[in-house]
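Report on one structure; see the data block that follows.
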Amino acid sequence: MKTLIACYSYSGHTLKVAKRLQKEIDADLTVIETEKDKWYLFKILDSLREKKAVIKPCQTDLMNYDKLILCCPVWAGRTPAAINQYMFELKNIKDKEFGVFVTSGGSRSQKATVQIREYLDIQGMKFLGQMRLITKDVEAEKYGEIFPLFVAKFKDQQS
Ligand SMILES: Cc1cc2nc3c(=O)[nH]c(=O)nc-3n(C[C@H](O)[C@H](O)[C@H](O)COP(=O)(O)O)c2cc1C
């Protein structure tokens, strides 16, 4: 059984790290994309209101996976609407394990990881670990000590 990395990334930072994670963990990667782009202000409002957005078809069925790493940028301190929709579309997730990875511009205060953890926990998934990286560190490829620790959570228990 394998790990699925599901990544929403608007300007490529989160996806850059997700691809590195994919190599390290030997996981599959599915990219979450919205059908339509929205203006900056609407992105903020949708995130604040915890709305969903129509996404293009991607891997949402965890039938052949035992772990999921959900990756996204922090928007208005919260999850982008695309991630809210992706979590809603997930299938066969009960008793599977999950991790959360977010990138953000710098603000320490954010609720995105809590939102994801609360939603997936209630759906019966088991939390393994989380990681947050700052945009400028991603640009400089300075992933720090947390990166190998996060990877190890998924590698050690690979079955
Ligand atoms: C609509 C929008 C809202 C954002 N809100 C926040 C925020 O609340 N806090 C923060 O630290 N960064 C915020 N950012 C910055 C992004 O989280 C950050 O640049 C991230 O690394 C971008 O990832 P991506 O390149 O994968 O899209 C926001 C960016 C956008 C476009």
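The values are calculated or read from the model by the stated rules, or taken from the named source; none is laboratory data. In this text the structure is predicted, and so the values were computed from the model without any measurement. All Cβ positions, even for glycine, are placed from backbone atoms using ideal geometry, and neighbour counts span all protein chains on display. Side chains included, ligands, DNA and RNA excluded: accessible areas come from the protein's heavy atoms. Shrake-Rupley method; radii C 1.70, N 1.55, O 1.52, S 1.80 Å.
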Notebook entry, point to check: For region 63-84, how many residues meet the condition of being away from the ligand (no atom under 14 Å from the Cβ) and in contact (Cβ under 8 Å) with a residue 40 or more places away in the chain?
Noted result: 6
Next item on the list: Can you tell me which residue within region 102-159, out of those that are open to solvent by less than 30 Å² (accessible area, probe 1.4 Å), in contact with a Ser or Thr (Cβ under 7 Å, 6 or more places away or on another chain) and in contact (Cβ under 8 Å) with a residue 60 or more places away in the chain, is farthest from ILE25 (Cα to Cα)?
Entry: GLN115
Notebook entry, point to check: Right, ILE5: away from the ligand (no atom under 12 Å from the Cβ), under 24 Å from LYS142 (Cα atoms) and in contact with a Cys (Cβ under 7 Å, 6 or more places away or on another chain) or not?
Noted result: yes
Margin query: Looking at the structure I just gave you, is SER107 in a loop (DSSP other than H, G, I, E, B) and within 10 Å of the ligand (Cβ to nearest atom)?
Written below: yes
Note to self: Of everything in region 45-56, what is within 14 Å of the ligand (Cβ to nearest atom) and either of a type in the set (Ser, Thr, Tyr) or open to solvent by less than 40 Å² (accessible area, probe 1.4 Å) (or both)? Give them in sequence order.
What the structure shows: ASP46, SER47, ALA53
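Rundown of residues vs (1) buried (at least 23 other Cβ atoms within 10 Å of the Cβ); (2) farther than 13 Å from TYR8 by Cα; (3) at pLDDT below 95, yes/no style:
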{"residue": "CYS58", "(1), (2), (3)": "no, no, no"}
{"residue": "MET63", "(1), (2), (3)": "no, yes, no"}
{"residue": "CYS71", "(1), (2), (3)": "yes, no, no"}
{"residue": "THR79", "(1), (2), (3)": "yes, no, no"}
{"residue": "GLN85", "(1), (2), (3)": "no, no, no"}
{"residue": "GLU89", "(1), (2), (3)": "no, yes, no"}
{"residue": "GLU97", "(1), (2), (3)": "no, yes, no"}
Check: How many residues does region 9-30 contain that are away from the ligand (no atom under 11 Å from the Cβ), assigned to a helix (DSSP H, G or I) and either touching a Cys at 6+ places or on another chain (Cβ under 9 Å) or among the polar types (S, T, N, Q) (or both)?
Finding: 3
